[in-house]
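Enquirer: I'd like to ask you about the structure that follows.
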Amino acid sequence: MSSSLITRVITAVVALPILICSIVFLPQFNHLAFAIIVIAANSIGTWELHNNILKKKIDVPFTGYLGILLPVVELLNNYTLNIPGLVAFVLAALLGFAFLVEVLHGAKDNFFGSIERISATCLTLCYPSLFMVYAIRLCFLFKGPNLILVFLAIVFGSDSMAYFSGMLFGKNNKGFVKCSPNKSIAGFIGGTFGISIIMTVLLVIFPGMLNISPLKMFIIAFPTAIFGTFGDLFESMLKRSAGVKDAGVVIPGRGGMLDCIDSLSIAIPIFTMIYELLV
């Protein structure tokens, strides 16, 4: 076993119990402890995207950092404000402010440079912050702890099953995506279908886990696993474009925080929206 794999295992052994305890054993104030972990992870991930990836190629202005406010706004809105569409309003205001900063301080003689900076700012405002808003939202839904644990099981389980499926059956079908050449078709199929079937069977065995039918569990798990893979590939594309291996160094054996939440951040809106549509 390689030293990097050992480090990853040790990190998981330490981090997962803390995460699970924040979900299961600290339910006070609609799981405020978990919400704080989400906000902290999102803030670090946004900083990594801004400084360690985008700034390798583009002079991104400071306005991209302001996306970290979105999960905080969602948390406050669920606690006290209860204003429909507040996060969308704040995001629109931040985008408007970003455009204003570019108009006032951007290079006046470089059209394509302005387009690059505005695009990078919009990306940093929305990713991962806008997606992590849905992690906060899960805390306030019925059976919130169970939903969070099921979501994590789907994404992490899909990743693990994809790894082993690819290792066993993917030697001759790798390279179907250029940004992550080690990904295989067998791994993708094994991960998405495998975890969807397992979660469906688990719901049959433990029907009180969520207030949905096994069929609805499959309908939720399958696209969630697919978009979790898309999240991983999207961050790989960003890193490859910037010429960096990892988004950061804060997580031993994993790299940066963004390397840990890439799949989660893209998958969680799909999980939350489909669940709310079906219940």
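The values are calculated or read from the model by the stated rules, or taken from the named source; none is laboratory data. Keep in mind that what you see is a predicted model, and the values were worked out from it rather than measured. Counting neighbours? That spans all protein chains shown, and the Cβs are built from the backbone with ideal geometry, glycine included.
Enquirer: Within the range 48-88, which residues are under 18 Å from Phe234 (Cβ atoms) and among the hydrophobic types (A, V, I, L, M, F, W, C)?
Expert: Within the range 48-88, Leu49, Ile53, Leu54, Ile58, Val60 qualify.
Enquirer: Just one of Ile197, Ile189 is modelled with pLDDT of 85 or more, surrounded by fewer than 16 Cβ atoms within 10 Å (Cβ to Cβ) and over 30 Å from Ile39 (Cα atoms); which is it?
Expert: Ile197
Enquirer: Also: So, in the range 178-197, how many residues would count as being among the aliphatic types (A, V, I, L, M) and either in contact with a helix residue (DSSP H, G or I) (Cβ under 6 Å, 6 or more places away or on another chain) or under 22 Å from Val24 (Cα atoms) (or both)?
Expert: 2
Enquirer: A further question on this structure: Specify the residue that is modelled with the highest pLDDT; the eligible residues are those in the range 86-133 that are surrounded by fewer than 21 Cβ atoms within 10 Å (Cβ to Cβ) and of a type in the set (Phe, Trp, Tyr).
Expert: Phe89
Enquirer: Considering only residues that are of a type outside the set (S, T, N, Q) and in contact with a helix residue (DSSP H, G or I) (Cβ under 6 Å, 6 or more places away or on another chain), which ones fall in the range 73-82?
Expert: Answer for the range 73-82, where residues must be of a type outside the set (S, T, N, Q) and in contact with a helix residue (DSSP H, G or I) (Cβ under 6 Å, 6 or more places away or on another chain): Val73, Glu74, Leu75.
Enquirer: How many residues does the range 241-279 hold that are among the β-branched types (Val, Ile, Thr) and in contact with a strand residue (DSSP E or B) (Cβ under 6 Å, 6 or more places away or on another chain)?
Expert: Residues meeting the conditions: 0.
Enquirer: Name the helices (runs of 4 or more DSSP H) wholly within the range 70-167 that hold at least 1 residues that are in contact (Cβ under 8 Å) with a residue 12 or more places away in the chain, within 23 Å of Ser263 (Cβ to Cβ) and not hydrophobic (A, V, I, L, M, F, W, C)?
Expert: Of the helices (runs of 4 or more DSSP H) lying wholly inside the range 70-167, those with at least 1 residues that are in contact (Cβ under 8 Å) with a residue 12 or more places away in the chain, within 23 Å of Ser263 (Cβ to Cβ) and not hydrophobic (A, V, I, L, M, F, W, C) span 111-126, 129-139.
Enquirer: Can you tell me which residue among Ala135, Ala162 is within 16 Å of Thr272 (Cα to Cα) and not charged (D, E, K, R)?
Expert: Ala135
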